[in-house]
């Protein structure tokens, strides 16, 4: 079982609570930011293994966070998009920016989230090649 530091960037308090509770009960440390701007601060303050990123948020959205954070500068960090917004263009954009996975919130149960997080943590980071 991999113990990881996870940064959850999500603007809905109810989802922050559900996701962080289920991930912490799976043994992970979870830092929560309500938007990309605060996410950047936390990402730079802590050694993060994986980021769960919502796309539509106030202040700084997910794509803006990705562009500012630049996963190429953080080759060991894995990133999963967790959003209800989905277009092929958006998918291609976030995959180009280094996302490992793209989950639709409406389809994700807490158990699924833990499984996808653990599976993603077990794989090598996509940016290390």
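Readers should treat all values here as calculations from the given coordinates under stated rules, not as data from a laboratory. In this text, all values refer to a predicted model and were calculated from it rather than measured experimentally. Reconstructed Cβ throughout: ideal geometry from the backbone, glycine too, with neighbour counts over all protein chains shown.
Summary table below
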quantity	calculated
Rounded FRET efficiency, nearest 0.05, which uses the C-beta distance separating residue 88 from residue 111 and R0 of 30 Å	0.60
Net lengthening on full extension, residue 12/residue 123 (0.36 nm per residue, minus Cα-Cα)	37.1 nm
Fewest-first sequence of 3, 57 by Cβ atoms within 10 Å of each Cβ	3, 57
Label-zone membership for the range 87-112, site residue 73, 7 angstrom Cα→C-beta point, backbone N under 20 Å	94-100
Selected from 49, 35, 119 as most flexible by GNM, with the chain as the system and alpha-carbon contacts under 10 Å	119
28, 46, 74 arranged by Cβ crowding within 10 Å, fewest neighbours leading	46, 74, 28
Radius, Kirkwood style, for the chain when every pair of distinct Cα atoms is counted (Å)	14.3 Å
Alpha-carbon centroid distance for the pair the range 70-129 / the range 10-29, whole angstrom	16 Å
Highest-fluctuation residue, 86, 69, 31 considered, GNM on the chain with Cα pairs under 10 Å	86
Residue exposure sequence - 30, 41 - by fewest surrounding Cβ within 10 Å	41, 30
